[in-house]
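**Q** Please find one structure pasted underneath; my questions will follow.
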Amino acid sequence: MSEAPPFHSSRRGLLRGIAALAALPAAGAAVPDARAAAAPPDVAEVPGGDVFLARTYVAGIPYYDARAAASDLAPGAPLRLRREPGNPHDGLAIEVLCGDGRKLGYVPRAANPPYARLMDAGATVFAEVAQVRGIGDWLDIDVRLGLRLGPGGRLRLG
């Protein structure tokens, strides 16, 4: 299995990813090899129409159930994202939860605006574990954020 390209949580990387979505062919159209080779290096497409756009960390880990859930968080494990528009500290807050619903923390405030806006517009933004590191009492969880595309590789908004 080949290693996925590095992911960046910059706005430029996100915009490149969205631009790559716009360049996807219509349903049933063949994709020329040249187009696939021209995709931005910080965007990875995976089978099933999912497009990973960024890699970031989970903020607020010490305040939630991340330590208890760490043994269940292997690289590639799916995570749940849930908007929390009523958050008094960040109106664009996105909670990060493991599959069983335990709260791990949040998408960092600096990274969440484009994803919150996409979620609010009805797009399916998803996350998976990229890496878990722990040293003593310290725990760090990196996640990959992406968009789930509809049939034909099209972005569907609610």
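Residue-by-condition table, conditions (1) at pLDDT below 90; (2) in a helix (DSSP H, G or I); (3) closer than 27 Å to Leu139 by Cα:
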| residue | (1), (2), (3) |
| --- | --- |
| Ser9 | yes, no, yes |
| Gly13 | yes, yes, yes |
| Ala19 | yes, yes, no |
| Arg55 | no, no, yes |
| Glu95 | no, no, yes |
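**Q** Looking at Gly99, Gly136, Gly122, Gly150, which is the one that is closer than 15 Å to Asp50 by Cα and exposed (fewer than 15 other Cβ atoms within 10 Å of the Cβ)?
**A** The unique qualifying residue is Gly150.
**Q** Still on this structure, I have one more. Do we find that Asn112 is out of contact with any Ser or Thr (no Cβ under 8 Å at 6 or more places or on another chain), buried (at least 16 other Cβ atoms within 10 Å of the Cβ) and polar (S, T, N, Q) in this structure?
**A** yes
**Q** Name the single residue, out of those in the stretch 78-93 being surrounded by 15 or more Cβ atoms within 10 Å (Cβ to Cβ) and outside any loop (DSSP other than H, G, I, E, B), that is farthest from the chain's Cα centre (by Cα).
**A** The selected residue is Arg83.
**Q** Here is a list: Pro40, Pro75. Which entry is surrounded by fewer than 18 Cβ atoms within 10 Å (Cβ to Cβ), modelled with pLDDT under 50, assigned to a loop (DSSP other than H, G, I, E, B) and not acidic (Asp, Glu)?
**A** Residue meeting the stated conditions: Pro40.
The values are calculated or read from the model by the stated rules, or taken from the named source; none is laboratory data. What you are looking at is a predicted structure, and each value in this text was computed from that prediction instead of being measured. With ideal geometry, Cβ positions are generated from the backbone for all residues, glycine too; neighbour counts draw on all protein chains shown.
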